[in-house]
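Q: Starting off with a structure, shown below.
Each value in this text was obtained by applying a stated rule to the coordinates, not by laboratory testing. All of these numbers come straight from a predicted model, not from anything done at the bench. FYI the Cβ positions are ideal-geometry reconstructions off the backbone, even for glycines, and counts take in every protein chain you see.
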Protein chains: 2
Amino acid sequence: MSVAVSPLAPKSYPDMPALRGVRMATAAAGIKYKNRTDVLLMVFDKPASVAGVFTKSKCPSAPVDFCRANLGSGAARAVVVNSGNANAFTGVKGKAATELTAKSAAAAVGCSEGEIFLASTGVIGEPLDASKFAGVLGDMNVRAEADFWQEAAKAIMTTDTYPKVSTRTAEIGGVIVTINGISKGAGMIAPDMATMLSFVVTDADIEPAALQSLLSAGVGPTFNSVTVDSDTSTSDTLMLFATGAAAEDGQVKVTSADDERLSSFRAALNDLLKDLALQVVRDGEGARKMVEVTVTGAENDAAAKKIALSIANSPLVKTAVAGEDANWGRVVMAVGKSGEMADRDRLAIWFGGVRVAVNGERDPDYSEAETTAVMRLEDITVKVDIGLGQGTATVWTCDLTKEYVAINGDYRS
Amino acid sequence: MSVAVSPLAPKSYPDMPALRGVRMATAAAGIKYKNRTDVLLMVFDKPASVAGVFTKSKCPSAPVDFCRANLGSGAARAVVVNSGNANAFTGVKGKAATELTAKSAAAAVGCSEGEIFLASTGVIGEPLDASKFAGVLGDMNVRAEADFWQEAAKAIMTTDTYPKVSTRTAEIGGVIVTINGISKGAGMIAPDMATMLSFVVTDADIEPAALQSLLSAGVGPTFNSVTVDSDTSTSDTLMLFATGAAAEDGQVKVTSADDERLSSFRAALNDLLKDLALQVVRDGEGARKMVEVTVTGAENDAAAKKIALSIANSPLVKTAVAGEDANWGRVVMAVGKSGEMADRDRLAIWFGGVRVAVNGERDPDYSEAETTAVMRLEDITVKVDIGLGQGTATVWTCDLTKEYVAINGDYRS
């Protein structure tokens, strides 16, 4: 398995500012790895508003079940995240492990177990020894500091080749607020699957229901529009916390997602979610090229997204991109198999700015040399106009390379 | 691109008997290839009953449109199949090419254009020069012979590594009838996609509507239960012809698919369709292992099939099989992402005969050595019991190897 940083990694990392109301610490609990941190504790000084979206898998991990149950209260005092073991498909032992972890965290932080949120990523099917957390969480709570985002992102990595962080500022009623986020994803540990975890915190003062609306709306065109290999983890977790510390600066609490004062915050949040989601794709296993697929002219937006994902998940399209081949025939195939309305004779397809097909056949003006130049780039755009309606969607994926197969098939050999 | 015969190819080929009422010839029309046959003409001495099933793609090829239009008449006098050019996404030129081909074939055979059926496989988006057929079809009709099945299968190959043939016998009311079939599939030509074509002929005397019912029912557990890479061709075509020559032996014409005399024929047809479908998978691009996925205990049969296909199409499952890794965590993931009802804590999973997981966790009696031995085999079975209902399904796929990526991504490099 390659440990080199993905060639698509960001060229620079942002300075992550401290954010009022949240402190973090990491520790090496020895869950699986040696010589690296594998537990993150995130502590909120006062109960933070909380929102979350989780995997749609019918076989979710025990921590996902746990978070869903606690989300109703709307208040969070701490988050415990571990790497090295996903606590997924661990039966009754998995539930017991989440309960023990929550109990340890609640004791360390001094809150109720209903205010604890959990996430785990790593090996599947192995019982998680949650007693290992009991020994470290108390000390972590004491050590926790605000200026610790980069280290937090590192502790939750599995086979990610770089830590994923992002920060934005916005204003709510004239008060400046900050949003920080970390993610991990596209990694793989035997015998596990790619899992996406992301934790976003703001010092804005926003009630839980409004926060949930913002997050649920924001995830559609960001985290729910990226795909590495079409496989959905049992553990995908994206949580958003609002510490409310901006109230000290006079920010009046937001109680509804329809509040007009949210326009700047909403834009900044969505931008941050997109940044984190694209960082996950850029760390896609074996990825050498980033692909942005835009579909226009579909019957409606949902149809456009289904077509775009059909293209982005097609092994034949993804191997063609890996081979730097502007193979629009495979794009036609992927449009056709999506099941959505399409009329062969109205389709137009572009790679980069080059229109390669129009009116259901090869563009007579299409330049092979121009197209080849486009396909050699690191970032490829594919655009398809269906020619039927107003529906549009954009999704992101990476190419499918021999390295992907090696990473996912070779480790036992 | 490798030209070696797939390691999963059948160890022997059946002797294909001549079948009364149908003759075949092949020719090298120079559509794309040099030094090989690329056109097949199949001629029925008298109008044969015809049935067909076609790609569900919303962007079908011109020949698929043509066949669908002619199917209503229920009668076939000739089939023209070419390899080297798919006549797909060729706009109005594509329709013109099918019309010209049909005209040439009708003139050669002496029938109406409504009795001609067409299929094309190969490059997509390139106009097909149908005038090349005009020069060869007349001669082919004269040369056509009954004992020619193996050669027929060869002429329609693209990057198939072996010709695919199958034969069965059955009885209808005490009269012995024969069913012969040929297929091509899992091949790939730049810039094309895997396309499955199959032509099955019987000397039984069966009316078109009954024939269509038999074929539509037979395709579900056979051709519609195999997947190489989840990508659906624009050109998939499976046709069944009945010459009716068995009437000479006293077979009384079958007019309904509910006719009890069809039980032997139905079983033989389904067995032949399964044989051909599995031959396609065994020639899957880069395939080194054949995988049979069986799901039991699902809510219903449709749910079982959706779960089975979710497993069979998962890149993570397929790369695990390539790596000889009994990675049941990825199977859980694929069950979970299918969207069908599943209860994590009732799942049980077997590789070969070895139960690796039960009641939502690793089987305590699971033997790593036994499982490893299973995964080293060429034919792997994966079984999942959902534990909820009576729904069952079996589908077939192959592993996902670096050779798949090489075949589909390397040819321009």
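Q: What Kirkwood hydrodynamic radius do you get for the protein assembly as shown when you take the inverse of the mean 1/r over all pairs of distinct Cα atoms, in Å? Show your work: numbers first, answer last.
A: Working: mean 1/r = 0.0352 Å⁻¹.
For the protein assembly as shown, inverting the mean 1/r across all distinct Cα pairs yields 28.4 Å.
Q: Quick one: among B:Ala97, B:Ala302, B:Ala393, which has the greatest mean-square fluctuation in a GNM of chain B with alpha-carbon springs under 10 angstrom?
A: Its mean-square fluctuation being the largest, the pick is B:Ala302.
Q: Which length gain, in nm to one decimal place, applies between B:Arg266 and B:Thr169 when the Cα-Cα distance is subtracted from 0.36 nm times their residue separation?
A: Values: separation 97, 0.36 × 97 = 34.92 nm, distance 1.07 nm.
Length gained, B:Arg266 through B:Thr169: 33.8 nm.
Q: Enumerate the amide H contacts of B:Lys164 below 5 Å, restricted to partners 5 or more residues apart or on another chain; note that Pro and chain-start residues carry no placed amide H.
A: B:Ser183
Q: Which residue in chain A puts its Cβ closest to the axis that rotates chain A onto chain B, and at what distance in whole Å?
A: Residue with the nearest Cβ, plus whole-Å distance, for chain A: A:Lys402, 2.
Q: Taking R0 as 41 Å, what's the FRET efficiency between A:Arg68 and A:Leu377 from their Cβ-Cβ distance, rounded to 0.05?
A: 0.50
Q: In addition: From the phi of every residue in region B:271-276, what ³J(HN,Hα) in whole Hz does the Karplus formula 6.51 cos²θ - 1.76 cosθ + 1.60 yield, where θ is phi - 60° and glycine or proline is x?
A: My calculation for region B:271-276 gives 5, 5, 4, 5, 4, 5 Hz in order.
Q: Translational diffusion coefficient of region A:261-413 at 37 °C, 0.692 mPa s, Stokes-Einstein with Kirkwood Rh over Cα pairs, in µm²/s as a whole number.
A: After rounding, the answer is 202 µm²/s.
Q: Evaluate the distance, in nm, between pseudo-label points positioned 7 Å from the Cα of B:Glu248 and of A:Asp15 along their respective Cα→Cβ axes.
A: About 9.3 nm, to one decimal.
Q: With charges set only on the Cβ (+1 for Lys and Arg, -1 for Asp and Glu), what does the dipole of the protein assembly as shown come to about its Cα centre, in debye to the nearest 20?
A: Working: 80 positive and 100 negative charges, 95 e Å.
Here the protein assembly as shown has a charge dipole of around 460 debye.
Q: Filter B:Lys56/B:Lys93; A:Lys402/B:Lys56; A:Lys306/B:Lys306 down to the pairs with a C-alpha to C-alpha distance above 20 Å, please. Intermediate values should be presented prior to the final figure.
A: Working: B:Lys56/B:Lys93 22 Å; A:Lys402/B:Lys56 30 Å; A:Lys306/B:Lys306 18 Å.
From the list (B:Lys56/B:Lys93; A:Lys402/B:Lys56; A:Lys306/B:Lys306), the Cα-Cα distance tops 20 Å for B:Lys56/B:Lys93; A:Lys402/B:Lys56.
Q: Separate question: Find how many whole Å separate the alpha carbon centroid of region A:14-40 from the alpha carbon centroid of region A:139-164.
A: So the separation of the two Cα centres works out to 3 Å.
Q: Between copies, how far does the label point of B:Ala69 sit from its twins, in nm, shortest first, when each point is 7 Å from Cα along Cα→Cβ?
A: Its label point is 6.3 nm from the equivalent points in the other copies.
Q: Straight-line reach from A:Lys34: which lysines have a Cα under 18 Å away, not including same-chain ones fewer than 8 places off?
A: A:Lys132, A:Lys154
Q: Once the Cβ-Cβ distance between B:Ala217 and B:Asn300 is put in as r, and R0 is 25 Å, what FRET efficiency do you end up with, to the nearest 0.05?
A: Between B:Ala217 and B:Asn300 the formula returns 0.90.
Q: With a point put 7 Å past each Cα toward its Cβ, work out how far A:Lys95 is from B:Glu370 in nm, to one decimal.
A: Taking the simple label geometry, A:Lys95 and B:Glu370 are separated by 2.9 nm.
Q: Between B:Ser83, B:Ser61, B:Ser112, which gets the highest mean-square fluctuation from a Gaussian network model of chain B, Cα cutoff 10 Å?
A: B:Ser112
Q: Okay, next question. Could you let me know the centre-to-centre spacing of region B:283-321 and region A:291-318, using Cα atoms, in angstrom?
A: About 24 Å separates the Cα centre of region B:283-321 from the one of region A:291-318.
Q: To continue, here is another question. Counting other Cβ atoms within 10 Å, which trypsin sites (Lys or Arg not before Pro) in region B:1-83 have at most 11 and lie in a DSSP loop?
A: Taking region B:1-83 and a limit of 11 other Cβ atoms within 10 Å, the loop trypsin sites (Lys or Arg not before Pro) found are B:Lys11, B:Lys34.
Q: So what J values fall out for region A:280-289 if you push phi through Karplus, 6.51 cos²θ - 1.76 cosθ + 1.60 with θ = phi - 60°, rounded to Hz, Gly and Pro as x?
A: Here the 3J(HN,Hα) series is 5, 4, 5, 9, x, 4, x, 5, 10, 9 Hz.
Q: A further question follows. Identify all aspartates and glutamates with a Cα-Cα distance to A:Lys274 below 13 Å; exclude those on the same chain that are fewer than 8 residues away in sequence.
A: The reachable aspartates and glutamates, counting only those whose Cα sits under 13 Å from A:Lys274, are A:Glu292.
Q: Going by how many other Cβ atoms sit within 10 Å of their own, how do A:Val332, A:Val5 line up, fewest first?
A: Least crowded to most crowded, the residues run A:Val5, A:Val332.
Q: Now, a different point. Would you list the P(r) distribution for region A:22-283, with all Cα-Cα distances sorted into 10 Å bins from 0 and each bin expressed as a whole %?
A: Per 10 Å bin, starting at zero, the Cα-Cα P(r) for region A:22-283 comes out as 8, 34, 38, 17, 3 percent.
Q: What dipole magnitude, in Debye to the nearest 20, does chain B give about its Cα centre under +1 on Lys/Arg Cβ and -1 on Asp/Glu Cβ? Intermediate results must be reported in sequence, preceding the final value.
A: On the way: 40 positive and 50 negative charges, 189 e Å.
Using Cβ point charges on Lys, Arg, Asp and Glu, chain B gives about 900 debye.
Q: I've got another one for you. Given +1 on the Cβ of Lys and Arg, -1 on the Cβ of Asp and Glu, and no further charges, what dipole in debye does region B:101-223 carry about its Cα centre, rounded to the nearest 20?
A: With only Lys, Arg, Asp and Glu charged at Cβ, the dipole is about 280 debye.
Q: Right, something else. Need the list of lysines near B:Lys46 for cross-linking: C-alpha distance under 17 angstrom, and skip anything on the same chain fewer than eight residues off.
A: List returned: B:Lys253.
Q: Another one. Please report B:Asp283, A:Asp271, A:Asp258 as a ranked list, fewest other C-beta atoms within 10 angstrom at the top and most at the bottom.
A: Arranged by neighbour count, lowest to highest, B:Asp283, A:Asp271, A:Asp258 become A:Asp258, A:Asp271, B:Asp283.
Q: Okay, next question. Helix A:131-143 versus the longest principal axis of chain A: what angle, 0 to 90°, nearest 10, using Cα atoms?
A: 80 degrees
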